[in-house]
1. Does residue 235 qualify as being over 22 Å from residue 337 (Cβ atoms), over 23 Å from the mean Cα position of the chain (by Cα) and of a type in the set (Ser, Thr, Tyr)?
2. In the stretch 323-344, which residues are out of contact with any Lys or Arg (no Cβ under 9 Å at 6 or more places or on another chain) and of a type in the set (Gly, Ala, Ser)?
3. Checking residue 220 against (1) farther than 29 Å from residue 342 by Cβ; (2) at pLDDT 95 or above, only one condition comes out false. Which one?
4. Restricting attention to the stretch 388-403, and to residues there that are open to solvent by 10 Å² or more (accessible area, probe 1.4 Å) and charged (D, E, K, R), which single residue is farthest from residue 293 (Cα to Cα)?
5. If we scan the stretch 219-237, do we find a residue that is open to solvent by less than 10 Å² (accessible area, probe 1.4 Å), out of contact with any Ser or Thr (no Cβ under 7 Å at 6 or more places or on another chain) and more than 30 Å from residue 401 (Cα to Cα)?
6. With respect to residue 447, is the statement that it is within 23 Å of the chain's Cα centre (by Cα) and among the basic types (Lys, Arg) true?
7. Please state which of the following conditions residue 467 fails to meet, knowing it meets all the rest: (1) among the polar types (S, T, N, Q); (2) outside any helix (DSSP H, G or I); (3) farther than 20 Å from residue 300 by Cβ; (4) open to solvent by 30 Å² or more (accessible area, probe 1.4 Å).
Amino acid sequence: MRPPVSHHHPQPRPCGPHLRSHLLNDTTAELYRSSVTEGIERVAAKLATTARPFTGVTPDALSPTIDAVDLDEPLHDTIAALDELEDVYLRDAVYFHHPRYLAHLNCPVVIPAVLGEAILSAVNSSLDTWDQSAGGTLIERRLIDWTAARVGLGPAADGVFTSGGSQSNLQALLLAREEAKPGPGGREGSADRAKLRVFASEAGHFSVQKSAKLLGLDPGCVVTIPVDKDRRMQTLALAAELERCRAEGLVPMAVVATAGTTDFGSIDPLPEIAELCSQYDTWMHVDAAYGCGLLASTKHRDRLDGIERADSVTVDYHKSFFQPVSSSAVLVRDGATLRHATYHAEYLNPRRTVAERIPNQVDKSLQTTRRFDALKLWLTLRVMGADGIGGLFDEVCDLAHRAWAMLAADPRFDVVVEPSLSTLVYRYIPAAVTDPAAVDHANLYARKALFASGDAVVAGTKVGARQYLKFTLLNPETTLDDIAAVLDLIAGHAEQYLGDTLDRAS
């Protein structure tokens, strides 16, 4: 039970020289160096000695340790604070670099990007206006141009870094809403928002529905399109829904195609979707938050064919470019459409700065204050190169295919679909148990027991009404032996659950 909230407000203390010594400036460079070095040493030690991706600690076990910290009583010592941090965070963190972390779309990070994180945090540039960022603005713009060229969006393309895929999808749908053509009976120059419809695969990301709500669109405006056996959007069903939309006097605002669904890593048929969007004069958005790693691939880039016809694209470098969170962007074919996110404030980016050709990124962004996250990708490209990033992503995609073959040959498991990227959805199927609900419970138990042990971390999802497990492979250090060992652990936990259940029933 959490302690009651204290309403005690400590008396402010004068800001003397001792407190000012914690400000990062020309006089505290040595303290900065020693403090950061000490923190790096702690993290390096954890990385070198972490034997499991997780300790298995529960919320009830860890909460009292954190609740006991008196935030109104500082320790006045960096070493003491780092010692405390060991107990409240570092010891029990979930470590994505471990080869048996196989759960969500969390990647191990490359060292050049971590270096970039350290630099950008210390300098603390804000990427909203030129007079707060200078070179940072130009670096971000160059990386947007580089990514848009990799996508193939054309010479008018533009974009901006975002906090993640959900924000990118929100901004893309905002632009699509503002660009939507009026349907029958619509107002001149804009579409009646009550008539707007968005089309997305049933395997698409939930941020599409959330974005529609935030944009003030009608409940139910998102039309869900069924998927085929490979979990790709069915284009025949999409065509039928677009035609029905037009016949009913509604306005097809956008189609959201997915290049790497969260659950299956499936890639929608982008060329066919592009044809339909052209036919129905509909904005095509491609959510490539996961699949964007293929932009740097030397082996599998063709899986993204058709993405170059999109009106907007979401990319998450912090998924398949091995970047620390956050590092993402939204790209658009026509940079002029970004005007729908523009607002001029006299104290920040007055209109005169446009005529003066001052490059203010806030003119393109939903955010105002914004981190210089682009620096991480910049240093990664300058140290490793695009082929280096693509090679790492190719490794995990190839590993997923080998793991799929292993799962398909293992009678203990049912695997749903051959992977397009690096995700596998499967479930344990005991031969002696025919009750689907019991199998569901066994798989749920196995996942929870595995997490509690800390030996490995896997994800879960549902396929239809049935409970499945999921590997999201983003670590090139993971081996087929690691995957085989985790499958044996899952089977063991599931068998234990089923055995205990039968014993209780008898």
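1. Criteria met by residue 235.
2. 329, 336
3. Every listed condition holds for residue 220 apart from (2).
4. Restricting to residues being open to solvent by 10 Å² or more (accessible area, probe 1.4 Å) and charged (D, E, K, R), the top hit is 402.
5. yes
6. yes
7. For residue 467, the exception is condition (4).
Here's the yes/no breakdown for (1) open to solvent by less than 20 Å² (accessible area, probe 1.4 Å); (2) closer than 14 Å to residue 102 by Cα; (3) at pLDDT below 95:
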{"site": "428", "(1), (2), (3)": "yes, no, no"}
{"site": "431", "(1), (2), (3)": "no, no, yes"}
{"site": "436", "(1), (2), (3)": "no, no, yes"}
{"site": "450", "(1), (2), (3)": "yes, yes, no"}
{"site": "454", "(1), (2), (3)": "yes, yes, no"}
{"site": "474", "(1), (2), (3)": "yes, yes, no"}
{"site": "486", "(1), (2), (3)": "yes, yes, no"}
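The values are calculated or read from the model by the stated rules, or taken from the named source; none is laboratory data. Source: prediction; values computed, not measured. Backbone-built Cβ (ideal geometry, glycine too); neighbour counts: all protein chains shown. What goes into the accessible areas is simple: the full protein's heavy atoms, side chains included, and nothing from ligands, DNA or RNA. Shrake-Rupley method; radii C 1.70, N 1.55, O 1.52, S 1.80 Å.
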